[in-house]
Structure formats: C-alpha cells, structure tokens
1. Return the total of residues in the stretch 517-559 being open to solvent by 60 Å² or more (accessible area, probe 1.4 Å), without any contact (Cβ under 8 Å) to a residue 60 or more places away in the chain and not in a helix (DSSP H, G or I).
2. What is the residue count in the stretch 424-447 for residues that are more than 23 Å from the chain's Cα centre (by Cα) and either modelled with pLDDT of 95 or more or open to solvent by less than 50 Å² (accessible area, probe 1.4 Å) (or both)?
3. Given the criterion outside any loop (DSSP other than H, G, I, E, B), among the acidic types (D, E) and surrounded by 14 or more Cβ atoms within 10 Å (Cβ to Cβ), identify the matching residue among E405, E416, E421.
4. Being over 15 Å from K537 (Cα atoms) and either touching a Lys or Arg at 6+ places or on another chain (Cβ under 7 Å) or of a type outside the set (D, E, K, R) (or both) is the filter here; which residues of the stretch 513-527 pass it?
5. Only residues that are under 21 Å from the mean Cα position of the chain (by Cα), in contact (Cβ under 8 Å) with a residue 24 or more places away in the chain and within 15 Å of L375 (Cα to Cα): list them for the stretch 328-350, please.
6. Of the residues that make up the stretch 122-130, is at least one closer than 30 Å to D244 by Cα and aliphatic (A, V, I, L, M)?
7. Could you look through the stretch 180-199, keep only residues that are within 14 Å of I131 (Cα to Cα) and surrounded by 24 or more Cβ atoms within 10 Å (Cβ to Cβ), and pick out the one that is farthest from the chain's Cα centre (by Cα)?
8. Tally the residues that are under 27 Å from the mean Cα position of the chain (by Cα), at negative phi and assigned to a loop (DSSP other than H, G, I, E, B), restricting the search to the stretch 102-125.
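The values are calculated or read from the model by the stated rules, or taken from the named source; none is laboratory data. Note that this is a predicted model, so its numbers are computed, not measured. Here Cβ is always computed from backbone atoms with ideal geometry, including for glycine, and neighbour counts include all displayed protein chains. Areas reflect the complete protein model, heavy atoms only, side chains present, ligands, DNA and RNA absent. Shrake-Rupley method; radii C 1.70, N 1.55, O 1.52, S 1.80 Å.
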Amino acid sequence: MNDIRITTSDSAADAASPMLRIRDLTVDFTVPGGTARAVSSVDLDLARGEVLALVGESGSGKSTTAMAIPGLLGDSATVAGSITLDGQELVGASEKTLTAIRGEKVAVVFQEPMTALNPVYTIGWQIAEAIRMHRRVSKDEAKAQAITLLKLVDMPEPEKRIGYYPHQLSGGQRQRAMIAQALACDPELLIADEPTTALDVTVQAEILDLMRDLRSRVDAAILLITHDMGVVADMADRIMVMKDGRVVESGTADKIFHHADDPYTRSLLEAVPHLGSSVTGTVEAATAEPRQVTPAFSLDGAVVEFSGRRSLFRAVDDISLAVHPGEVVGLVGESGSGKSTVGKVAVGLVTLAEGTATLGGVDITRIKNRHLRPLRSKVGFIFQDPGSSLDPRWPVGQSIAEPLELHTRLGRAEREKRVSELLDRVRIPASMRNRYPHQLSGGQRQRIGVARALALDPALLIADEPTSALDVSVQVAVLDLLRELQADQGFACLFISHDLAVVEQMADRVVVMRSGKIVESGTTAQVLTDPRELYTKELLAAVPVPDPEQQAQRRRARAELAAAAAATTVAEGA
C-alpha cells in the first residue's frame with residue numbers, strides 16, 4: 001500500500017469533471033409475480049473531497065442507489081442507465097472489473113459493523129487481507145500497514161487491538177475498524193451507509209469527527225446515506241432528498257435546511273427531534289418533594305455483577321431510583337453504562353448481588369421464579385428491534401395474543417376481541433392481524449410491539465431504545481402514540497435511550513448513568529438545560545442538531561468541553 005494520500009482537488013479539471021457521475025439510473029428487483037422498481041431516473045454528480053448526503057425514509061431508494069455503484073445489489077437486481085467513476089462505465093461491467101474497484105476505488109462503511117465484519121477473524125487479519133487483495137505486499141508488511149490504518153482512525157492501543165475479534169471491541173471501536181478496512185487501499189469514493197445509527201451520541205460525534213478529518217487528509221469523496229438530519233447538518237456539503245425511488249429535491253446544505261422547496265423535504269425536517277425545542281417545566285422544579293405514592297418500580301443500593309474470566313464485572317454499582325405511576329423516567333448514558341441492565345432487573349431477568357428491587361411495592365430481590373411470574377404480567381417491554389423480538393413464524397395477531405393466553409383465563413373469542421382492540425389503539429388495521437412480521441414496515445412492526453407490551457394493561461412499561469432504528473417521520477408517529485397511550489392509561493414508563501432529543505420529548509425526569517453509576521438526575525428541564533455534571537454536558541454537546549450553523553458552533557463547544565475534561569483527568573491523576 002502506498003502512503004496515505006494527502007491531495008487537493010481545486011483544479012479546474014476536477015471542478016469540470018466530477019469523479020462520480022450517475023445518469024438516468026433505474027433499478028428493478030425481481031419479485032414474485034413480476035418486478036418492483038426501487039430507483040427511477042436518478043442523476044448524481046460527486047466531486048473529490050465533497051460530501052453528498054442521500055436522505056429519505058426507508059424504501060426511498062437511497063441505499064439501492066449507493067450499492068449500485070460497486071455492483072452490490074445481487075442477482076435479483078436489473079440496473080439500467082450510466083454510472084461512471086473516473087470515466088469508467090460500471091453499469092454492465094464484468095464481475096472481474098467490479099471486484100477490482102471494490103476496496104481499490106470504492107469502499108463501503110456499513111451500518112452495523114458486527115454483521116459486516118467476519119466474527120471468526122481478528123480485525124487485523126481482515127484489514128491486512130483487504131490490503132493483500134489489491135497490493136503485492138507480504139503478511140508482515142500488510143500487518144504493519146493495518147496498524148498504521150488503525151492509528152489513522154484513532155483506535156486506542158492499535159498494536160494490541162489488531163489481535164482482537166469484533167466481539168471484543170466496543171461499537172465505536174468496531175466502526176473505527178471498519179473505516180480502517182474501508183481505507184485500506186486509499187479509495188477515491190467512500191460510501192457510508194447509516195454509519196452512526198446504532199452508536200451512542202458521544203461515539204457518533206467521534207466517528208463524524210474522524211470522517212471529517214479523513215476527508216481533509218485523503219481527499220476522498222463521501223456519499224453519506226442517513227435518515228439522521230443532525231448527522232447531515234454535521235457533515236454534508238450538498239444534499240439529495242429521495243422519496244419512492246426518485247430525487248425530489250437537491251441543493252447545498254444551507255439551501256435544503258433553510259429554504260427547502262419540496263413539501264416532503266419540509267415534512268422530513270419538521271419531524272426531526274431538535275434538542276432544546278420541547279423541554280417543559282422549570283429548572284427549579286428539580287427540587288420538588290418526592291411523590292408520596294408507592295413506586296411502580298424502585299431500586300435501593302442496587303448492585304449487579306457479572307462473572308468475567310478472572311473477576312466479577314460490576315454492571316450496576318450502588319444505584320437508587322424510582323419510577324412512579326403516571327411518570328416517564330428517561331434513563332440515558334452510553335453503551336455499557338448499565339441502563340438496559342436496570343430494565344432487565346425490573347422483570348427479574350437479572351438478579352441483584354446487593355441492594356433491593358421492588359415492583360409495585362413487592363420486594364423481588366430474592367423472590368422465587370414461580371412467585372415472580374404473576375408480577376411480570378404487570379410489566380410490558382418494548383424492544384429496540386421489533387423485527388427480531390417478534391416470532392417470524394407467527395402472524396402478528398398471534399404474537400399480541402400470546403401474553404393473554406399465558407397470563408389470563410380469557411377464552412379464544414375474548415382474546416381475539418382484545419387483539420382487535422389493541423390493534424385499533426396502535427392504529428394498525430385489523431386486516432393485518434394475519435400478516436407476518438416481514439410483511440410489515442419497521443414502523444408497523446414497532447406498533448405491534450407496543451400493542452403486545454400493552455396487552456395485559458401493565459403498571460410499568462419499559463421502552464428500551466424503542467425508536468432508534470426508525471426513520472424520523474415514523475419515529476415521531478411512534479412517540480406520539482406512546483405519549484397518547486401513557487396519558488390515557490397512566491402507566492409508569494422507564495424510557496431507556498441514548499437519544500437525548502427523544503428523551504426530552506418523552507420524560508418527566510432524567511437519570512444519567514455512566515459505568516454503572518448514576519452521575520446526575522433531576523427533572524428533564526434541569527438535566528437537559530442546566531446540567532451540573534461535566535459528563536452530562538459532554539453528552540448534550542455531542543448531540544447533532546439539524547442546522548449546519550448551529551452544529552458548527554456545537555462542535556466548537558464540544559471541543560472546549562473535551563479539553564476541559566482532559567485537563568480535569570490530568571489534574572485528578574496528579
């Protein structure tokens with residue numbers, strides 16, 4: 001591999017001849033009974049060193065457009081039109097030609113590195129293999145270059161982590177490893193397909209900083225595919241908005257964010273949760289007296305430990321909290337902070353090593369499983385990915401009916417009536433009750449998940465990242481539904497999320513966790529507008545907002561906070 005390229009692209013030739021040119025791109029997929037058009041008559045130009053964001057909801061055709069470039073759509077796709085990269089036509093090119101450009105000229109950073117990276121090989125081997133596929137170098141040379149690439153993407157201790165398997169890395173580290181692999185052969189075009197969707201806000205901010213820095217260092221063009229308009233505001237020079245396989249609007253980031261013409265573009269922007277836009281209450285309310293009612297769920301001095309190879313790992317470390325009837329408590333923090341573990345304690349899936357847990361006033365700390373089962377019927381659980389939490393072999397109506405069959409004595413006719421009522425409540429037509437999960441959209445599957453969670457009229461609802469995998473417009477609809485149902489039924493809700501803008505819309509109070517401990521708690525207004533702890537300030541500063549100018553200011557503020565945090569760490573070490 002050559003040294004990492006550091007070039008500029010301000011020549012007249014570069015300006016006149018885009019590196020990537022797409023004309024009249026049309027993509028059809030073979031489906032039972034005929035064909036389905038996924039992309040229709042798309043034109044696109046992309047210059048070196050430029051970031052172009054393709055935005056739109058699921059099914060808009062943005063990923064299909066991008067994956068058509070390196071020919072990754074599979075045999076069921078029929079691609080027509082023209083795609084040229086540095087003047088080379090890719091539509092109709094042989095597999096040998098496409099294989100040669102993959103990694104060499106075009107690289108892809110996928111949404112979920114855990115599924116894109118091979119779990120049986122170390123990340124170092126995978127990066128080195130990508131190098132050796134396109135370069136005549138020895139194994140030792142490829143390994144040395146892999147370490148250099150890991151340093152380039154700011155991987156901690158690259159000489160050590162080159163021998164790690166994907167599951168041994170954090171989400172942010174896996175994404176860095178995938179970016180290193182993508183950069184192995186100095187690609188001219190980097191396709192980033194939802195590269196930060198599954199990441200915590202602080203890790204997301206680091207990855208965006210990395211991609212921005214890499215663009216300036218290696219002069220690669222970036223095609224950014226995302227539904228997160230905050231990420232778009234942070235990265236994009238230009239934006240193309242897609243709907244139903246067509247481009248409905250395109251322009252500079254400033255034009256799209258501040259002067260959008262198309263109603264669909266405006267509706268997308270209006271649906272984006274904007275941190276600071278929906279805080280209610282006052283900061284002083286944080287000092288209000290605690291409620292004098294029995295909490296739906298509480299922890300007192302709770303400790304959860306998991307066995308490691310050589311020692312115990314403390315996932316939850318001496319925390320106390322309470323969720324009262326009619327209240328929504330937002331539980332926030334980075335991956336590994338312990339927030340999902342707290343949710344599992346509430347349903348007895350995880351036991352405490354120390355402390356006390358109560359459910360509806362009943363101590364469940366040491367309760368036997370047979371006594372826990374009736375209490376679990378009072379807890380509903382909404383999962384992050386409804387596609388994997390619903391049984392793919394069952395029609396969705398059967399999935400909703402299962403809790404009724406397990407925990408009630410309702411007859412079949414009564415269960416069917418209850419399922420119909422629940423489908424109506426979550427605004428799913430009763431005619432869809434016999435469909436399977438794969439036959440529904442992501443938003444519809446999440447609504448089914450909500451209906452199932454509410455089937456037994458729970459006193460406590462645990463929502464674990466319930467909207468992070470959804471498009472912004474679908475996310476708004478699901479959040480509106482949850483708010484309406486919570487206000488109507490008055491259940492307590494533990495809302496677990498790393499999306500602070502979403503938590504702001506939903507929560508009455510916010511609890512911030514880090515490394516198993518609670519570092520701050522208070523009303524939503526207090527925590528999100530006047531945080532006391534540096535860590536909370538860093539979390540808030542890392543949230544991208546859908547406005548390019550504001551986001552640039554927030555980046556500068558985040559850099560100042562990072563410097564302050566580093567200085568504090570040095571002072572504490574001294």
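1. Result for the stretch 517-559: 2.
2. 4
3. E416
4. Result: S515, G516, T523.
5. Correct list: G343 only.
6. No: the stretch 122-130 contains no residue that is closer than 30 Å to D244 by Cα and aliphatic (A, V, I, L, M).
7. Among those that are within 14 Å of I131 (Cα to Cα) and surrounded by 24 or more Cβ atoms within 10 Å (Cβ to Cβ), it is A184.
8. The number of residues fulfilling the criteria is 9.
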